[in-house]
Amino acid sequence: MGSRGGRRGVCLCAIALIAVVCAPARAWADCSQGTRPTTLLERTFQVETLRALKAAMPVAPDGWRVVEETEIRPPRLACIGQEREPLPFEYRIRFAKPDSATSEITVRVNARREVMPASPEAMEFAPAALAFRAREGVAGAVQVLFGDWSLGSGDGPAPGEALAHFTTDVPYTRAQSLAVRIDGDRPRVDQLLARLNVTALASLVR
């Protein structure tokens, strides 16, 4: 009995160790050339930008609370060769009501391509470059794009897709595009959109 319990403990420890060892490999599976430690410049850029994004987010509406939010901390690893294009990362915040209804805001920094919502409806939303919402009858979703973007047509990006245009002669640790997406029921999406500090978001893109 003791021997069986001991073997079970060893097996559980081995499984836990394998999970810990394999987790970084899965997280960085898209780094075809491997990974390297991040530089001070990369860590500073990501932390400062995440702080600015957090400050630009709306406060939780009455009766709602924040149930998930991206942690502000410097990344430990980067893909080898990452410095050849703008450094991408993501910020996310999710709000929930006691009845489990949720709304979520996701901001992708240095996003290259964005798929538009189903049946998109263009919005006038200065100072954003482009803004769209899903039409009535579709789950509430709004996308707001900051930077230099073009819409898909016959040339360039595919239909139903937006493409960001990056400048190559600026530091890769600079935000050249932001893609903001707000999901939830339409009244709540509109409320979050109205409370979003779009001026602060636009000022991050250079």
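I need the calculated FRET efficiency for the pair L40 and E68, taking r as the beta carbon distance and R₀ as 41 Å, to the nearest 0.05. Mind dumping the intermediate values first?
Values: r = 29 Å, r/R0 = 0.70.
Plugging the Cβ-Cβ distance into 1/(1 + (r/R0)^6) gives 0.90.
If R0 is 25 Å, what FRET efficiency do you get for V47 and R92 from their C-beta distance, rounded to 0.05?
The value I calculate is 0.95.
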Segment 33-204 shape via C-alpha gyration tensor axes, a/c threshold 1.5 = oblate
Taking R0 as 45 Å, what's the FRET efficiency between D148 and A60 from their Cβ-Cβ distance, rounded to 0.05?
-> 0.85
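Computed from the coordinates by the stated procedures, all read-outs in this text should not be read as laboratory data. Given the structure is predicted, the values throughout are model-derived calculations rather than measurements. All Cβ positions, glycine included, derive from the backbone under ideal geometry; neighbour counts span all protein chains shown.
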